[in-house]
Structures are given as C-alpha cells and as structure tokens.
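A.B. asks: Submitted below is the structure of interest, expressed as structure tokens.
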Amino acid sequence: ELQQKVEETELLKMELQMLETERVRLSLVEEKLMDVLQLLQQLRDLNISKRALGKILLSTLESCHDPQPGRAHLFEVLDTLYHELTACELLQSQPLEKAQSRQSLSNPLVISC
C-alpha cells in the first residue's frame, strides 16, 4: 500500500510538471500574441493599406507552411508574423518617441474573461 502511494505521488508530480510546462508555453504564446496585436494596432493607426497587410500575412503563412520539428507551430507563426510586422516600412519610419509613447500606454487589447 505504501508503494502504491509512492507511485501515485510520483505520477502526480509528473502531471504537475507537465501542467507547469504547458502553462509556461501558453504564457509565451499569449505574450507573443499581444506583441503582434500591438503592432497590428500601430499599423492600423498609421493607415496601412489592406493590400500591404495582406502581403505581410501571406508572406508569414508562406514561410510557416511546413512546421519545423521541435517547435510549436502556433508560436512559430506568431513569431514570424511579429518579425514581418516589425520589418514593415511604416513602423520603421515612425518617429521613435511616438512609438515609445504608444507602448507605454496601458494595453487596450487586453480582454478580460
């Protein structure tokens, strides 16, 4: 009976570790998603054309067509989209102080559940 309790304890420890790993992964995905949404909002405020935005999105999807082994595909797509958006000429030409002041504001994209 004691051996069974030890095995159950070990199993629960492994499950807890898996849950913690998943929590960290989801936290990273959420963080990257918030970064992407902030960039999209900045581009919207700069009146980016739908055509240019579509090209960025298609470029992202094209480069993430074949998932790389060992990486979460969702995170890979978000990360690639983030880099594509940061390379956008509209954001590059935006004055630095304006970009920093926008980022320092409270995040209007946070949705309370």
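A.B. asks: Whole-Hz ³J(HN,Hα) for each residue in region 23-35, computed from phi via Karplus 6.51 cos²θ - 1.76 cosθ + 1.60 with θ = phi - 60°, x for glycine and proline: what do you get?
C.D. replies: 4, 5, 4, 5, 5, 5, 5, 4, 4, 5, 4, 5, 4
A.B. asks: If you don't mind, there's one more thing I want to ask. Would you mind computing, in nm to one decimal, how far apart the modelled labels at LEU16 and ALA72 are, each placed 7 Å from Cα along Cα→Cβ?
C.D. replies: Each label point is offset 7 Å from its Cα along the Cβ direction, giving 2.2 nm.
A.B. asks: Give me the extension gain from GLU30 to HIS83: residue separation times 0.36 nm, minus the current Cα-Cα distance, reported in nm with one decimal. Don't skip to the answer; put the middle values down first.
C.D. replies: Values: separation 53, 0.36 × 53 = 19.08 nm, distance 1.60 nm.
Additional length available on full extension: 17.5 nm.
A.B. asks: Same structure again: Could you give me the ³J(HN,Hα) list for region 9-22, computed from phi with Karplus coefficients 6.51, -1.76, 1.60 and θ = phi - 60°, whole Hz, x at Gly and Pro?
C.D. replies: Once rounded to whole Hz, the list reads 5, 5, 5, 5, 5, 5, 5, 4, 5, 5, 5, 5, 4, 5.
A.B. asks: ³J(HN,Hα) across region 77-87 via Karplus (A = 6.51, B = -1.76, C = 1.60, θ = phi - 60°), whole Hz, x for Gly/Pro?
C.D. replies: 5, 4, 5, 5, 4, 4, 5, 5, 5, 5, 7
A.B. asks: Taking the solvent-accessible surface of protein heavy atoms with a 1.4 Å probe, what is the per residue accessible area of region 10-52 in Å²? Working shown, then result.
C.D. replies: Values: 3460 Å² over 43 residues.
Per residue, region 10-52 has an accessible area of 80 Å².
The values are calculated or read from the model by the stated rules, or taken from the named source; none is laboratory data. On a predicted model such as this, the values are computed, not experimentally measured, just so you know. Cβ coordinates were reconstructed from backbone atoms using ideal geometry, including for glycine residues, and neighbour counts include every protein chain displayed. To get the accessible areas, we keep the full protein, side chains included, count just its heavy atoms, and leave off ligands, DNA and RNA. Shrake-Rupley method; radii C 1.70, N 1.55, O 1.52, S 1.80 Å.
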